[in-house]
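Encoded as structure tokens, the structure appears first; notes follow it.
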Amino acid sequence: MSNLQQVALQYRSCASATSPRHWNNWSLTPRRTNSPTCSLLNSSSATRCVVVKANASCRTCVRSFPHHKFLAEFDYRAQTTISKREVNALLDFTFIEQRQNLMFIGPLGVGKTHLATGISIKAIEAGYKVRFVTTLELIEMLELAELSGEPKKKVQQLAKYDVLVIDELGYLPMSKQGMYNLFQLISALYEHRSLILTTNKDFTSWTEFFFDDNVAVLIVDRIIHHSRIFMLGGESYRLR
Ligand code: ADP
Ligand code: MG
């Protein structure tokens, strides 16, 4: 069994997102209470993107989302591998307060990005700062920062958000430098900030896009420790 498979197995027990007793205890640094809820987006509006009274930082968060997908629009009859109860349970945002990560794993079109976005929008409305990036954007961003000699500054910028959403991890293979930069970022955020990750690959195949089994182990280890993992399945919603 490879190192990666061992790490994956070790954390398989947390794959049940409804079993918090499996998670390790860790010390919590109380987080400064947020500004009052800002009403950002009006899901019932025709444009679906009405910024009502957002303060500047909330607006920045919202702009980073390519699509404004709302939880209210998520059809649980079409996606039965996760329940509305499980998703609603996340909306007390203890996962953010406890610096846990959320991982949505599953094939294309099953609603991973929709859920990640919907939960993030709720978090922004609750006053948290959330930044959305695709893996490709993130790798480019970190590479540019590396080239301009300021990789730490970029990591610090990203660490200002309570939650960083990394969408589509594993869709494309990564260069060695890209992988190294990602590892640096994930290490910096580990136990300080929350990640919401979407990926189409189970941990055991992460070597495919990280190439290197050892680095994959290090990254997976940091990501899935303190993670709530949701394995989604079923048919692509796009085919409906
Ligand atoms: P993934 O990230 O898993 O590839 P997406 O979240 O991008 O899939 O979903 C693809 C499209 O289908 C999006 O437009 C999304 O809003 C929609 N969609 C997926 N699942 C559902 C669902 N259960 N209810 C409503 N819309 C869904
Ligand atoms: Mg997606």
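The values are calculated or read from the model by the stated rules, or taken from the named source; none is laboratory data. Here the structure is a predicted model, which is why all the values come from computation and not from measurement. Here the Cβ is made from the backbone with ideal geometry for all residues, glycine too, and neighbour counts use every protein chain on show. In case anyone asks, the SASA skips ligands and DNA or RNA and just uses the protein heavy atoms, side chains included. Shrake-Rupley method; radii C 1.70, N 1.55, O 1.52, S 1.80 Å.
Could you order the peptides 109-119, 130-140 from most to least packed, using the average number of other C-beta atoms within 10 Å per residue?
Numbers: 109-119: 22.6, 130-140: 19.5.
Highest mean packing first, the order is 109-119, 130-140.
What's the whole-number percent of alpha carbon pairs in the stretch 36-231 lying beyond 24 angstrom? Can you show the working numbers first?
Numbers: 7240 of 19110 pairs.
When every Cα pair of the stretch 36-231 is considered, 38 percent fall beyond 24 Å.
Return an integer: the convex hull volume of the alpha-carbon atoms of the stretch 83-150, in Å³ per residue. If you can, show how the numbers build up before the last one.
Values: hull volume 7.9 nm³, N = 68.
Once divided by residue count, the hull of the stretch 83-150 is 117 Å³.
Can you pick out the pairs among 84/122; 129/153; 69/129; 112/153 whose Cα atoms lie more than 21 Å from each other?
On the way: 84/122 14 Å; 129/153 18 Å; 69/129 17 Å; 112/153 30 Å.
Correct reply: 112/153.
Cross-link partners among aspartates and glutamates for residue 154, C-alpha distance below 20 Å, same-chain residues fewer than 8 apart left out?
Partners found: 137, 140, 143, 146, 162, 167, 191.
Between residue 202 and residue 91, with labels modelled 7 Å along Cα→Cβ, what's the label distance in nm to one decimal, could you check?
Label at residue 202, label at residue 91, 3.1 nm between them.
Compute the distance from the alpha-carbon center of the stretch 162-182 to that of the stretch 134-160, in whole Å.
11
Of 193, 63, which has the most accessible area and how do the rest follow, probe 1.4 Å? Spell out each step's value before the answer.
Values: 193 70, 63 175 Å².
From most accessible down to least: 63, 193.
Over the stretch 84-224, what percent of the accessible surface lies on carbon and sulfur atoms, probe 1.4 Å?
Details: 2970 of 5630 Å².
Result for the stretch 84-224: 53 percent of the exposed heavy-atom area is carbon or sulfur.
Can you give me the accessible area per residue for the stretch 36-231, using a 1.4 Å probe, in Å²? Could the numbers behind the result be given before it?
Working: 8690 Å² over 196 residues.
Accessible surface, normalised per residue, equals 44 Å².
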